[in-house]
Amino acid sequence: MSSAFGDFGPLTERRKAEKARQQKRRIMIAVGTVTIVAVLIVIGAAAIAYTSKSSSEGGHKSSKASPSKAKSSHSPTSSDSESSDSSPSSDSSSPSSSDDSKAPAAGGDLKAVSKSIKVMCSQTDYTDACEKSLGKAAAKNASAASPKDIVRTAVEVIGDAIGEAFGRADLILSNDPRVKAAVDDCKEIFGDAKDDLNRTVHGVDGGGFGKEDASYQLQIWLSAVIAHMETCIDGFPDDEFKAKVKDSFTSGKELTSNALALIEKGSSLLSVFKGSSSKRRLLGEEEQPALDKDGFPVWVPEAERRVLKGGGFKNTLTPNVVVAKDGSGKFKTIGEALSAMPKVRKERYVIQVKEGVYEEYVTVTRAMANVTLLGEGSKKSIVTGKKSFADGVTTFKTATFTAQGDGFMAIGMGFQNTAGPEKHQAVALLVQSDKSIFLNCRMDAFQDTLYAHSKAQFYRNCVISGTVDFIFGDAAAVFQNCILVLRRPLDNQQNIATAQGRADAREATGFVFQKCEFQAETALRDAAKPPIRNYLGRPWRECSRILIMESEIPDFIDKAGYMPWQGDFGLKTLWYAEYANTGPGANTAGRVTWPGYKKVISKTDAAKFSVENFLHAQPWIDPTGTPVKYDLFT
């Protein structure tokens, strides 16, 4: 009860006054404290902003000073981890950060692009070149930082590098006819390289990046760009000119390798970047390629679209024109028939070549897509020539027949170069045609018979004969049910069936021999003549790749199987393997012990090199009706 009246009286009033004074002091102290805290916050914010700026600048310098750190990581996990360390949610430079609205848009974009470039370049083999070239391009255009945009830029910068290199080759002045011929080759090859680069850029723009089949096509085109550079270099004699030209292409080859790596890692890179921005569209929506009226991605060139559609060829082998040496056809030469071919057409163009030996040099140009030569048999309808390296012609120009236009097909045709073994390099058939098919054909020469130069190629039921490196080049080629005939070379030479020319491990190229048979012509086994050693292959380039599987290897093949090119060149970086071969020469016990030779691989690994998996070929082989085994025979 006393407490109920305790607030009344003089003592109570004094207590009230004392409490009021204490409350006033507390309020004043609180206000002062709040003011001090506010000042400290402002100062702290300024300090953080300054420190952030300094750290950002220092980070870029550190990245340039220690590129090996970025280069050491090749896994998506490492890239993802690196990205999360500077994620948009915690860094003021992120496009999704609210602080960015106060900063110039270009600066924010450049920071975002720089981060993306760093993550993506960590997947390449030439990290310094990657970051430098893409960073320079980003400084000019920092409007986008998506993986697709960066890959597009990675392809575009190749053009500048190889343009400069080809330009240097063009400026070489010499009275040596071989040097002059090499310069002329480089001029022509530069056009091919530019075309394949443009295709790649168009493919990336059309949604090809990150999807298996489309990415494979991009890799095929870029692999061809490397082959073009190497071909330009090859034309020069082994002198100072060749060394200078080779050096000038270093940057172009590194940048192409980087672009190949980014495309190869497309799916994993997209997954890394999938959650990196709160403003992104769904991944499937962003990367869905636009389709044309026929259901093909818009980036697929018209020539290839006709290849995939088949052009009505499967059920109609009716020739458009007939070539007959005896005058019974519309034309007497294949060259005339090609020259008269309509430039605009929707269907495959079939040229029937009647029996006869056609002494002419033929080129199916890049503009001549979907051409079929329909012969009357590989020993009846024959194109022949005799150009050779010994006569002052570059190997690239010795070919009797050159197929460049995509979708080229030859059925029952023979291709010859009769220069002879003493003339050295003398090509019968040179193939640069993508998605090309050779069925029931024959290629006969000695050294360098078949130049499978670049892009995707399929050979079925063909006979290929020669001596030294008689199947060579940098194509992605499968030889199925073919016969390889080793002929007698010069007495001081050895026979080498293959010399695959993959120069970079990122290339999607290599030679696969499936269900093939190695044979020896009678003269090779002549006991009255000096014995000749015979090998399956040797590495023309550092990353040469060959698989011989389910094939018959006879006893005249040397037990070592393969021979080196020169010294230890490529022995660690090549990839040679065998699978399920038969015959007395198939025993791998005595094979070479090079680090790059894998001996007998598993069925799972061999299946990766089937026609379907290695060439992605069903869409372009099926419409032609060509017999094919898409998987393994065993």
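Which of the residues that make up the range 387-407 are on the phi > 0 side of the Ramachandran plot and in contact with a Phe, Trp or Tyr (Cβ under 8 Å, 6 or more places away or on another chain)?
Residue satisfying the conditions is 407 alone.
Looking at 392, 407, can you tell me which residue is surrounded by fewer than 21 Cβ atoms within 10 Å (Cβ to Cβ), touching a helix residue (DSSP H, G or I) at 6+ places or on another chain (Cβ under 7 Å) and of a type outside the set (D, E, K, R)?
Selected residue: 392, the only one of 392, 407 that is surrounded by fewer than 21 Cβ atoms within 10 Å (Cβ to Cβ), touching a helix residue (DSSP H, G or I) at 6+ places or on another chain (Cβ under 7 Å) and of a type outside the set (D, E, K, R).
Quick one: is residue 155 at pLDDT below 95, under 27 Å from residue 508 (Cα atoms), in contact with a helix residue (DSSP H, G or I) (Cβ under 7 Å, 6 or more places away or on another chain) and aliphatic (A, V, I, L, M)?
no
Of everything in the range 617-631, what is of a type in the set (A, V, I, L, M) and surrounded by fewer than 17 Cβ atoms within 10 Å (Cβ to Cβ)? Give them in sequence order.
Passing the criteria: none in range.
Given the conditions (1) closer than 29 Å to residue 240 by Cβ; (2) surrounded by fewer than 18 Cβ atoms within 10 Å (Cβ to Cβ), report the number of the one that residue 182 does not fulfil.
(2)
Is it fair to say residue 478 is touching a strand residue (DSSP E or B) at 6+ places or on another chain (Cβ under 8 Å), touching a residue at least 24 places away in the same chain (Cβ under 8 Å), surrounded by 24 or more Cβ atoms within 10 Å (Cβ to Cβ) and not acidic (Asp, Glu)?
Against the criterion (touching a strand residue (DSSP E or B) at 6+ places or on another chain (Cβ under 8 Å), touching a residue at least 24 places away in the same chain (Cβ under 8 Å), surrounded by 24 or more Cβ atoms within 10 Å (Cβ to Cβ) and not acidic (Asp, Glu)), residue 478 qualifies.
Search the range 346-386 for residues being on the phi > 0 side of the Ramachandran plot and surrounded by fewer than 21 Cβ atoms within 10 Å (Cβ to Cβ), and hand back the single one that is farthest from the chain's Cα centre (by Cα).
Filtering the range 346-386 for residues that are on the phi > 0 side of the Ramachandran plot and surrounded by fewer than 21 Cβ atoms within 10 Å (Cβ to Cβ), the one farthest from the chain's Cα centre (by Cα) comes out as 356.
Is there a residue in the range 133-144 that is touching a residue at least 40 places away in the same chain (Cβ under 8 Å), assigned to a helix (DSSP H, G or I) and farther than 30 Å from residue 394 by Cα?
Yes, the conditions are met somewhere in the range 133-144.
Can you tell me which residue is surrounded by the most Cβ atoms within 10 Å (Cβ to Cβ) among those in the range 415-456 that are of a type in the set (Val, Ile, Thr) and assigned to a loop (DSSP other than H, G, I, E, B)?
427
For the range 522-554, which positions are within 21 Å of residue 479 (Cα to Cα), part of a loop (DSSP other than H, G, I, E, B) and free of Cβ contacts under 8 Å to residues at least 60 places away in the same chain?
Within the range 522-554, 539, 543, 544, 551, 553, 554 meet the criteria.
Can you tell me which of (1) crowded, with 19+ Cβ neighbours inside 10 Å; (2) within 20 Å of residue 454 (Cα to Cα) is the one residue 505 doesn't meet?
Residue 505 satisfies all of (1) crowded, with 19+ Cβ neighbours inside 10 Å; (2) within 20 Å of residue 454 (Cα to Cα) except (1).
Restricting attention to the range 577-593, report how many residues are without any contact (Cβ under 8 Å) to a residue 40 or more places away in the chain and buried (at least 18 other Cβ atoms within 10 Å of the Cβ).
Residues flagged as without any contact (Cβ under 8 Å) to a residue 40 or more places away in the chain and buried (at least 18 other Cβ atoms within 10 Å of the Cβ) within the range 577-593 amount to 7.
Please work out if residue 459 is in contact with a Cys (Cβ under 7 Å, 6 or more places away or on another chain) and either among the hydrophobic types (A, V, I, L, M, F, W, C) or part of a strand (DSSP E or B) (or both).
In short, yes.
The values are calculated or read from the model by the stated rules, or taken from the named source; none is laboratory data. Small disclaimer: the values here were computed from a predicted structure and weren't measured. No Cβ is skipped: glycine too gets one built from the backbone with ideal geometry, and neighbour counts run over all protein chains shown.
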